[in-house]
């Protein structure tokens with residue numbers, strides 16, 4: 001098996017919620033994701049990691065349709081706090097709220113995060129100092 005970079009057609013097949021997105025736009029996000037997934041990854045995870053990261057970024061940018069994409073792209077997840085008594089609504093600020101862009105904010109990001117931790121987590125540090133990052137995961141905020 002060789003390192004195969006996904007195509008827009010493959011992403012549209014694997015993730016039909018992005019079927020309405022233009023191929024050129026999907027290719028842009030594939031190329032972006034490929035900057036973070038190189039051939040040091042196992043061949044089995046290479047293509048999937050690029051697909052998941054590209055889909056995560058597309059969904060946070062408001063592209064795609066369906067529950068998985070709409071949940072975190074600003075169409076449904078406009079608020080981070082909602083209260084009923086005396087109605088308190090707090091809207092997401094995409095610039096300030098790190099959690100909005102976090103890998104944990106979409107199902108695609110969570111899958112990419114899992115692959116990232118399996119393949120590039122580095123050594124585990126069991127010290128009492130939480131400031132010491134571990135491996136490649138240190139490059140990802142809120143991992």
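Bear in mind that the values in this text are calculations on the coordinates, not laboratory data. On a predicted model such as this, the values are computed, not experimentally measured, just so you know. Note: ideal-geometry Cβ built from the backbone for every residue, glycine included; neighbour counts use all protein chains shown.
Two decimals is fine: what's Rg over Rh for the stretch 1-62, C-alpha atoms, Kirkwood radius as Rh?
We get a ratio of 0.95 for the stretch 1-62.
Order these by the 10 Å Cβ neighbour count, fewest first: 37, 118.
The order, fewest Cβ neighbours first, is 118, 37.
On a full-extension model of 0.36 nm per residue, what is the gain between residue 44 and residue 3, subtracting their alpha-carbon distance, rounded to one decimal in nm?
Working: separation 41, 0.36 × 41 = 14.76 nm, distance 0.85 nm.
Gain on extension, residue 44 to residue 3, equals 13.9 nm.
How do 14, 38 line up, fewest other C-beta atoms within 10 Å first?
The fewest-first ordering by Cβ neighbours comes to 38, 14.
Can you sort 110, 35 so the residue with the fewest Cβ neighbours within 10 Å comes first?
35, 110
Using 7 Å Cα-to-Cβ label points, what is the residue 27/residue 14 separation (nm, one decimal)?
1.9 nm
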